[in-house]
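Enquirer: This is the structure I have questions about; it appears just below.
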Amino acid sequence: MTLLFNDPADFADEMTDGFAAAYTRFVHRVPGGVVRREGTATGEVALVVGGGSGHYPAFAGLVGSGLAHGAAMGDLFASPSAARVRSVAQAADGGAGVLFCYGNYAGDVLNFTEAQERLRADGVDVRTVLVTDDVSSAPAGSPERRRGIAGDLAVFKLAGAAAARGDSLDDVERLARRANDRTRTLGVAFSGCTLPGASAPLFRVPAGRMAVGMGIHGEPGISDDSLPTADELAALFVDRLLQELPDDVAAPAGGRVAVILNGLGSVKYEELFVVYREIARRLAAAGVTAVDPDVGEFCTSFDMAGASLTLTWLDDELEELWRAPADTPAYRKAPQALTRREHPPAGAAAAEPSAATPGPGSEASRAAASTACAVLDAVAAALDGAADELGRLDAVAGDGDHGIGMRRGSLAAAAAARAGHDRDLGCGAVLVVAGDAWADKGGGTSGALWGTALRAAGHRLGDGDAPTPGAMAAAVADALAAVRQQGGAAPGDKTLVDAFAPFAQELSRGVGGGSLAAAWRAAARTATAAADATADLLPRLGRARPHAERSLGTPDPGARSFAIAMTAAADRLTQLEETS
């Protein structure tokens, strides 16, 4: 939802004023939009783009060297008037003619065409290339009916590079048409967008669903599907776009494409990178080479949650133009980099030698390693199931990521332990590699502390003798000591130590009875009670400390996750004892 505005009727103009004030190095404000600060070089074709506001960085953000010379800007989701278009074109004209390039929408066509006619009457040579990349908006046999969405960027970039190269208006127009003919985009939406001053979004997508083929204003799509995973969305994008090739591209294999993965407003860069990872793999598997791909926000729709994939099939000339440098407020391509030196710079530290790979453990220790793997599997399953609960606890006074981190870390630790066991590592080495994996994948404070605990326990147990219950209690005590030394926490600080310390104490007391499982279960009950009791504490360390009062009444998520993990371990140890 758009929150920051004054009078909604003034939003587009005030936004344009602010944009021009922020990017004075690139643009100059003119009636109707913006043009390049330095103007258009004499004899250079001027590329003028445009459309309604609300799609930043389209269109103003693409004005600059190597791309557009001017952008005509309409009100929110509304075409700029013919007067605005004409004003921007007059300010951008360098005497070699003007190319209008914009998305194929009725209002834009009407107003840009009227401006073109007026400019031609004034003696200015003006041409138009419509962008029609949206494959969902019309059949392949009717490209003239298709909308222009994120493929705008590809066509603008190639046309702008041709103009910067000094091409004639005829050639710039020709290349822009070729670029458009070779550009395909598919978009999806997970929610609608809300314009300034509006009380509801322009459209809604049912919870857990995805609208396939939505336009950038909420135009109807071609289907309504279940919400996909990132990999499933990548598969949808690639498979659909590879089904429709340009007429002069016989097969995907051997093709080279400019790739644009675009976020529509609320899908963030990190999510887009997860999707692009699978897009890159699928393109490569199809024999398609991605050339200088772009991942980010290039054609948005306020706060719409959605994304689109654009493929532009390149030939040698188009590839040269795609790689050409550009420098605008929102889009940059650097010239090709110089060959890097192969020797390290003076004073650079030498790389540290890698740690030695541990050798096989004794037979008894390898048997214990099998038990450790089973316990870590159980811990990972329990933390995976509790991730949402732990996230909610963490969100009360923290950032809400504790459950995600514990899930990642424990699953990685379990997988690393299994891999170590398959290499015949002993119990100690298996716990060490599990700790390394937990710290690496879990991240954050909790990931580091759990990694430290597992490594300390592993170093104590070693890979020789089979661990006795007493040795296990000693390893847990070492793990607690290492955690306290690294994190600096003490009982009462409202951290995992509030559950860990009584667990270690109870386990040490209970192993005298001979049964590790029974002692572990009693210690896990103690840890659970201690974790619950942290609800009455105020945090003295960690991210919750600045919001201490807010956390009162809520158990510490670190203590709670520790108790969950130790309970799962007790259950698994009991099962193993009963079946042995």
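Enquirer: Give the residues of the stretch 148-175 that are in a loop (DSSP other than H, G, I, E, B), buried (at least 24 other Cβ atoms within 10 Å of the Cβ) and not small (Gly, Ala, Ser), sorted by residue number.
Expert: ILE149
Enquirer: So, ASP377, is that one surrounded by fewer than 21 Cβ atoms within 10 Å (Cβ to Cβ), at pLDDT 85 or above, part of a helix (DSSP H, G or I) and in contact with a helix residue (DSSP H, G or I) (Cβ under 7 Å, 6 or more places away or on another chain) or not?
Expert: yes
Enquirer: For the stretch 383-393, state whether one or more residues are aliphatic (A, V, I, L, M) and out of contact with any Lys or Arg (no Cβ under 9 Å at 6 or more places or on another chain).
Expert: No.
Enquirer: Looking only at the stretch 295-304, which residues are surrounded by fewer than 21 Cβ atoms within 10 Å (Cβ to Cβ) and either of a type outside the set (Val, Ile, Thr) or touching a residue at least 60 places away in the same chain (Cβ under 8 Å) (or both)?
Expert: Correct list: GLY296, ASP303.
Enquirer: Next question, about the same structure. Hey, ASP171 hits all of (1) more than 25 Å from the chain's Cα centre (by Cα); (2) in contact (Cβ under 8 Å) with a residue 24 or more places away in the chain; (3) under 26 Å from PRO325 (Cα atoms) but one; which does it fall short on?
Expert: (2)
Enquirer: Something else: Report, by residue number, each residue of the stretch 507-526 that is under 14 Å from THR468 (Cβ atoms) and touching a Gly at 6+ places or on another chain (Cβ under 7 Å).
Expert: Of everything in the stretch 507-526, those that are under 14 Å from THR468 (Cβ atoms) and touching a Gly at 6+ places or on another chain (Cβ under 7 Å) turn out to be VAL511, ALA519.
One line per residue, one yes/no per condition, for (1) surrounded by fewer than 21 Cβ atoms within 10 Å (Cβ to Cβ); (2) at pLDDT 95 or above; (3) touching a Leu at 6+ places or on another chain (Cβ under 7 Å):
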{"position": "VAL63", "(1), (2), (3)": "no, yes, no"}
{"position": "GLY70", "(1), (2), (3)": "no, yes, no"}
{"position": "GLY74", "(1), (2), (3)": "no, no, no"}
{"position": "ALA82", "(1), (2), (3)": "yes, no, no"}
{"position": "CYS101", "(1), (2), (3)": "no, yes, yes"}
{"position": "GLY107", "(1), (2), (3)": "yes, no, no"}
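Enquirer: With the requirement that a residue be touching a strand residue (DSSP E or B) at 6+ places or on another chain (Cβ under 6 Å), more than 15 Å from ALA330 (Cα to Cα) and assigned to a helix (DSSP H, G or I), what does the stretch 5-33 give you?
Expert: ALA12 - this is the single residue of the stretch 5-33 that is touching a strand residue (DSSP E or B) at 6+ places or on another chain (Cβ under 6 Å), more than 15 Å from ALA330 (Cα to Cα) and assigned to a helix (DSSP H, G or I).
Enquirer: Follow-up. Quick check on this structure: which one of PRO196, PRO220, PRO206, PRO228 is at pLDDT 90 or above and assigned to a loop (DSSP other than H, G, I, E, B)?
Expert: The unique qualifying residue is PRO228.
Enquirer: For the list (1) over 17 Å from ALA89 (Cα atoms); (2) part of a loop (DSSP other than H, G, I, E, B); (3) small (Gly, Ala, Ser), I need the number of the one condition that ALA41 fails.
Expert: For ALA41, the failing item is (1).
Enquirer: So, of the residues in the stretch 417-437 that are assigned to a helix (DSSP H, G or I) and not hydrophobic (A, V, I, L, M, F, W, C), which turns out to be surrounded by the fewest Cβ atoms within 10 Å (Cβ to Cβ)?
Expert: By that ranking, first place goes to ASP422.
Enquirer: Could you say whether any residue in the stretch 265-277 is under 25 Å from ALA138 (Cα atoms), part of a loop (DSSP other than H, G, I, E, B) and touching an Asp or Glu at 6+ places or on another chain (Cβ under 9 Å)?
Expert: no
Enquirer: Condition check: touching a Lys or Arg at 6+ places or on another chain (Cβ under 9 Å), assigned to a helix (DSSP H, G or I), more than 19 Å from GLY442 (Cβ to Cβ) and without any contact (Cβ under 8 Å) to a residue 12 or more places away in the chain. Does ALA523 satisfy that?
Expert: Here the answer is no, as ALA523 does not meet what is asked.
Enquirer: Right, here's the next one. Can you name the residue in the stretch 529-580 that is acidic (Asp, Glu) and either buried (at least 22 other Cβ atoms within 10 Å of the Cβ) or over 20 Å from ALA380 (Cβ atoms) (or both) and is also modelled with the lowest pLDDT among such residues?
Expert: GLU549
The values are calculated or read from the model by the stated rules, or taken from the named source; none is laboratory data. A quick note: this is a predicted structure, and the numbers were derived from the prediction, not measured. As a convention, Cβ positions derive from the backbone with ideal geometry for all residues, glycine included, and neighbour counts pool all protein chains shown.
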